[in-house]
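Every read-out reported here was derived from the displayed coordinates using simple, explicitly stated rules and does not represent laboratory data. Everything numeric in this text was worked out from a predicted model, so none of it was measured. Positions of Cβ are generated from backbone atoms using ideal geometry, with glycine treated the same way; all protein chains shown enter the neighbour counts.
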Amino acid sequence: MKIEMFQTLEAVLRGGSLAAAANEMNLTASAVSMQMKQIEAWLGQPLFDRSGHAIRPTALAHEVAAAMREGLQHLHSLRRRSVVEVKGVVRLGIIESLLPSLLPGTLSELRTAFPKLDLRPMRGRSIGLTDAVKSGELDAAVVAEPEGGGSARMNWRPLLRSEMRLIVPPDAGETSVPALFKQYEWIRYDRQTISGALAARYVTRQVRTGHGALELDSIPAIIAMVSAGLGIALVHLVDAGFCQSYPVRFVRLGRGAPAVQLSLATRKADADSRPLRAVGDAMNSVLANTLRQRSLAGR
């Protein structure tokens with residue numbers, strides 16, 4: 001059993017599909033599928049439910065990944081002892097929706113593993129942050145990757161593919177998506193953002209009944225508005241912790257739901273940068289843990 005197979009399993013859980021994992025691990029989808037089947041053969045139990053259109057990880061898949069994660073991280077830390085010390089300043093851009101779920105854990109991991117690495121975060125929108133990386137104002141940025149892929153002049157390290165979900169007031173009794181759009185006002189997320197544009201396109205094409213006068217550029221503010229019964233919204237949430245203070249009900253859109261590809265964007269010239277690689281590794285670890293906790297909580 002090769003260690004790389006468990007790294008591939010983590011990538012499948014992060015990306016939500018064999019194709020996303022293949023892209024992240026620089027493998028073919030068939031190679032990813034073969035690795036998963038080899039782990040299943042060794043365990044004697046399935047890791048995925050393959051009965052639907054898309055594979056769904058079982059509880060065992062998360063248990064296996066969690067069991068291996070600490071050991072793999074320790075092996076990586078041992079390996080890093082023999083390489084050049086990682087230090088310096090990394091100017092990192094990050095979209096606002098990921099700040100609470102990604103930044104604290106990433107900073108914590110980096111300060112433990114690389115105390116001489118100085119991470120300097122800056123928030124912003126995907127388009128502006130990407131331009132700042134291109135111009136050299138930032139070294140890297142966690143952004144929503146443009147549909148069809150980002151600029152070929154940049155490196156795009158996939159972090160997570162986040163499916164957008166409909167949030168509705170906690171006491172909303174309706175379950176039909178079109179009926180919910182007829183019953184409630186649609187609170188839009190800023191259409192100048194990639195996720196806001198994706199949401200608007202989905203509603204226009206699939207629902208055709210969306211009417212929304214309110215348009216905000218803050219996910220926490222939108223959640224609070226929905227929780228108060230003032231409307232419904234289509235958003236992507238990596239960490240739904242804010243919803244504990246402002247309860248909402250989640251409605252999955254099912255097949256055809258829009259999804260946001262979150263990636264770490266860097267310049268081609270920095271492809272071999274050890275500090276940037278360390279930042280990306282820390283983010284992958286934090287996101288994997290977040291997804292595991294969300295799965296256990298049933299969100």
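Put +1 on the Cβ of every Lys and Arg and -1 on every Asp and Glu Cβ in the chain; which of Gly256, Ser30, Gly231 then has its Cα farthest towards the positive end of the dipole?
Of the candidates, Ser30 comes out farthest on the positive side.
By a straight-distance test (C-alpha under 26 Å), which lysines pair with Lys37 as possible cross-link partners, with residues fewer than eight away in the same chain excluded?
Candidates past the 8-residue exclusion: Lys2.
Please arrange Glu70, Glu24 by how many other C-beta atoms lie within 10 Å of their C-beta, fewest to most.
In increasing order of surrounding Cβ atoms, one gets Glu70, Glu24.
Which net charge results when you count Lys and Arg as +1 and Asp and Glu as -1 among the other residues whose beta-carbon is under 14 Å from that of Leu262?
-2
Give, as a single signed number, the net charge of other residues whose beta carbon lies under 10 Å from the beta carbon of Gln192, with Lys and Arg counted +1 and Asp and Glu -1.
Here the charged neighbours net out to -1.
Under the rule of -39500 (n - 2.57) per DSSP H run of 4 or more residues, summed and divided by the residues of the chain, what mean residue ellipticity at 222 nm is obtained, to the nearest 500 deg cm²/dmol?
The helix-only estimate for the chain comes to -14000 deg cm²/dmol at 222 nm.
Kindly identify region 55-145 as rounded, prolate or oblate by the Cα gyration tensor criterion: order the square roots of the eigenvalues as a ≥ b ≥ c, call it rounded if a/c is under 1.5, otherwise compare a/b with b/c, prolate if a/b is larger, else oblate.
Oblate, since a/c reaches 1.5 and b/c is not below a/b.
Using the reciprocal of the averaged 1/r over all distinct C-alpha pairs, how large is the Kirkwood radius of region 3-79 in Å?
12.6 Å is the Kirkwood radius here.
Quick check on the exposure proxy: order Ser97, Ser17 from fewest to most C-beta atoms within 10 angstrom.
By the 10 Å Cβ count, ascending, the order reads Ser17, Ser97.
As an exercise, identify the trypsin sites (Lys or Arg not before Pro) in region 138-232 lying in DSSP coil whose Cβ has no more than 13 other Cβ atoms within 10 Å.
In loop regions of region 138-232 (DSSP not H, G, I, E or B), the sparsely surrounded trypsin sites (Lys or Arg not before Pro) are Arg153, Arg208.
Tell me, what HN-Hα J-couplings in whole Hz come from the Karplus equation 6.51 cos²θ - 1.76 cosθ + 1.60 at θ = phi - 60° for each residue of region 130-141, using x for Gly and Pro?
These are the phi-based 3J(HN,Hα) values: 4, 4, 5, 5, 4, 7, x, 6, 10, 8, 7, 8 Hz.
DSSP beta bridges in the chain, what fraction antiparallel, as a percent rounded to 5?
So the antiparallel bridges amount to about 60 percent of the total.
List the trypsin sites (Lys or Arg not before Pro) within region 218-265 that DSSP assigns to loop and that have no more than 15 neighbouring Cβ atoms inside 10 Å.
Passing sites in region 218-265 are Arg252, Arg255.
Taking a cut-off of 18 Å between Cα atoms, list the lysines near Lys116, but don't count ones fewer than 8 places away on the same chain.
The qualifying lysines are Lys87.
Treating the Cα atoms of the chain as identical point scatterers in vacuum, please give the log10 of the normalised Debye intensity I(q)/I(0) at q = 0.07, 0.16 Å⁻¹, two decimals.
So the normalised log intensities work out to -0.28, -1.39.
I'd like to compare 271-282, 32-43: which one has the highest average count of other Cβ atoms within 10 Å, and what's the full order after that?
Ranked by mean Cβ neighbours within 10 Å, highest first: 271-282, 32-43.
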